[in-house]
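**Student:** Provided herewith is a single structure, encoded as structure tokens, for subsequent inquiry.
The values are calculated or read from the model by the stated rules, or taken from the named source; none is laboratory data. Bear in mind that the values here come from a model prediction, so they are computed numbers and not experimental data. Cβ placement follows ideal geometry from the backbone for every residue including glycine, while neighbour counts extend to all protein chains displayed.
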Amino acid sequence: MGTILWILAIVLAGAAGYGVSFSILSRRGSGKAAEIVAEAEKQAEAIKKEKMLQAKERFLELKSEHEQQVGQREKKMAEAETRIRDKESKLNKQLEEIKRKERDIESLKQRLDRQNEASDKRSEELERLHRQQVEQLELISGLTREDASAKLVDALKDQAKAQAAQYIQTTLDEAKLTAASEAKKVVVQSIQRVATEQAIENAVSVFHIDNDEVKGRIIGREGRNIRALEAITGVEIVVDDTPEAILLSCFDPVRREVARLALHRLVTDGRIHPARIEEVVAKVSRQLEEEIVEVGKRTTIDLGIHGLHPELVKMVGRMKYRSSYGQNLLQHSREVANLCATMAAELGLNAKIAKRAGLLHDIGKVPQEESELPHAILGMQIAEKFGEKPEVLNAIGAHHDEIEMTGLISPIVQVCDAISGARPGARRQVVESYIQRLKELEDMALNQKGVSKAFAIQAGRELRVMVESEKVSDAQAAQLAMDLSQKIQNEMTYPGQVRITVIRETRAVSVAR
């Protein structure tokens, strides 16, 4: 509407302008002026009509646009009202549904309350009946509730213990059918594929001579020869009444071997005096060092071990002249190396690494310098110094559980070391300690309840226990065997394994007269 008024104002202003022009022209007078005025009035009138027509058309257009906008706005308002009514309807339905559910919940709650009240009444009745039954049972049995509970608990304990022992024994038997057979197969195959001779070393060597006249030459004038030989070699030379023999005593087998070889050369050559003794001992020492290196090289070649540091090769050679519990250290190490390689191959592990670790596991027993460290830790440090791999180092250091095992090679080395050292004939044992161990085994069994006799047989590898059938049941016999095995494992030190056999028998004796 504002636009229409603006157009009308322009038209009226134009008409007014023409009026002014008409008045000016009329004052100037003349007929021509009157014609011009008339013509101008016509033109003004035409322009006025045209402007009025244009204004009317514009007015109609604006009116039409306005009506369309109003119609669209009304349509949107109607749609919005429809949506609002729909939402209001839905909300009313949901509200009614919620009210219905609340009524249902309230009804259910009341029903549950009634049921709980009834349940409480039943529980009270059951409790009353239970008390009456307990009182009647106490009256009939003559036992109080606490006494009956204690007897029941004891009976249940015995039953549970028997069932547990039976279950454990069944589980162990099932495991033995699968795991034990495979484990034994691996161990037996490893042992069958390894065969080495066993040398028993001690602290005394015997030097044989042709006749007793040589003893005097070895002793020398006023004993100077024997004193020089003992001072240079560090070996005690015992010349006694033993026919055609001289004893060489020393804890170091290397020095003892030097003295033996030096004596052999001196006796063969015939020239025995301090200067000659010193010369021969020095030459024999050099030759023995060369032989030690050669033994180390030959051992590594035989085992197929390559890249070993020269110092480690030399220490391997020195193992030939060391013994552990009477077992030659080099032979033991070779045996452990072969066992480790075989067992690692059976288990799908690196056989070369296992063989290397098996050969070097006791390298700490042949150091050049004395050390207070355990031989496993010392051997690990020596091997680390000469660039061995972490798997080998851990196997060396952990084969006596001084450090924690971090690889699968370590337990293999430990097991093979035990197999080599524990097999019959591998090591010597002092008779007194052996007898003491057997006595401890028998005493440990005799201290158990129901045991009548105990015998340690098969060199202490089996403990046979006789029990009284009246005091020990079959289930208790199985439990006794398991308890003894655990006690022996925790309290005693022994090579290999000890088998416990519990024998329970019932005898019925009758005499026909």
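Listed here are the residues, each with its yes/no results for (1) surrounded by fewer than 16 Cβ atoms within 10 Å (Cβ to Cβ); (2) of a type outside the set (Val, Ile, Thr).
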residue: Ala341; (1), (2): no, yes
residue: Leu347; (1), (2): yes, yes
residue: Ala351; (1), (2): no, yes
residue: Gly364; (1), (2): no, yes
residue: Ile409; (1), (2): no, no
residue: Ile412; (1), (2): no, no
residue: Val415; (1), (2): no, no
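**Student:** Can you name the number of the only condition in (1) under 26 Å from Gln163 (Cα atoms); (2) among the basic types (Lys, Arg); (3) assigned to a helix (DSSP H, G or I) that Lys439 fails?
**Tutor:** (1)
Condition check ((1) among the aliphatic types (A, V, I, L, M); (2) modelled with pLDDT of 90 or more; (3) surrounded by 10 or more Cβ atoms within 10 Å (Cβ to Cβ); (4) touching a strand residue (DSSP E or B) at 6+ places or on another chain (Cβ under 6 Å)) across all residues:
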| position | (1), (2), (3), (4) |
| --- | --- |
| Ile84 | yes, yes, yes, no |
| Leu91 | yes, yes, yes, no |
| Glu97 | no, yes, yes, no |
| Arg100 | no, yes, yes, no |
| Glu106 | no, yes, yes, no |
| Asp120 | no, no, yes, no |
| Glu125 | no, no, yes, no |
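**Student:** Oh, and also: Scan the range 331-353 and tell me whether some residue there is of a type in the set (Val, Ile, Thr) and under 17 Å from Arg255 (Cβ atoms).
**Tutor:** Checked the range 331-353: no residue is of a type in the set (Val, Ile, Thr) and under 17 Å from Arg255 (Cβ atoms).
**Student:** (1) within 30 Å of Ala478 (Cβ to Cβ); (2) among the aliphatic types (A, V, I, L, M); (3) modelled with pLDDT of 70 or more; (4) surrounded by 11 or more Cβ atoms within 10 Å (Cβ to Cβ): which one isn't true of Leu177, the others all being true?
**Tutor:** The single condition Leu177 does not satisfy is (4).
Yes or no, residue by residue, for (1) in the same structural domain as Gln479 (by TED's automatic domain parsing); (2) of a type in the set (Gly, Ala, Ser); (3) free of Cβ contacts under 8 Å to residues at least 24 places away in the same chain:
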site: Glu125; (1), (2), (3): no, no, yes
site: Ala150; (1), (2), (3): no, yes, yes
site: Leu156; (1), (2), (3): no, no, yes
site: Lys161; (1), (2), (3): no, no, no
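**Student:** Would you confirm whether any residue within the range 502-513 is of a type in the set (A, V, I, L, M), at pLDDT 80 or above, over 39 Å from the mean Cα position of the chain (by Cα) and over 30 Å from Gln163 (Cβ atoms)?
**Tutor:** There is at least one residue in the range 502-513 that is of a type in the set (A, V, I, L, M), at pLDDT 80 or above, over 39 Å from the mean Cα position of the chain (by Cα) and over 30 Å from Gln163 (Cβ atoms).
**Student:** For the range 310-323, indicate whether the set of residues that are loosely packed, with under 15 Cβ neighbours inside 10 Å, of a type in the set (S, T, N, Q) and not in a loop (DSSP other than H, G, I, E, B) is non-empty.
**Tutor:** no
**Student:** Right, something else. Applying the selection to the range 465-486, what residues are surrounded by 12 or more Cβ atoms within 10 Å (Cβ to Cβ) and more than 13 Å from Lys449 (Cβ to Cβ)?
**Tutor:** Hits for the range 465-486 are Met466, Ser469, Asp474, Ala475, Ala478, Ala481, Met482, Ser485.
**Student:** Among what's in the range 231-254 and is assigned to a helix (DSSP H, G or I) and touching a strand residue (DSSP E or B) at 6+ places or on another chain (Cβ under 9 Å), pick the residue that is surrounded by the fewest Cβ atoms within 10 Å (Cβ to Cβ).
**Tutor:** The residue in question is Pro253.
**Student:** For Gln497, state whether it is modelled with pLDDT of 85 or more, assigned to a loop (DSSP other than H, G, I, E, B) and surrounded by fewer than 18 Cβ atoms within 10 Å (Cβ to Cβ).
**Tutor:** Judged against the criteria, Gln497 is not a match.
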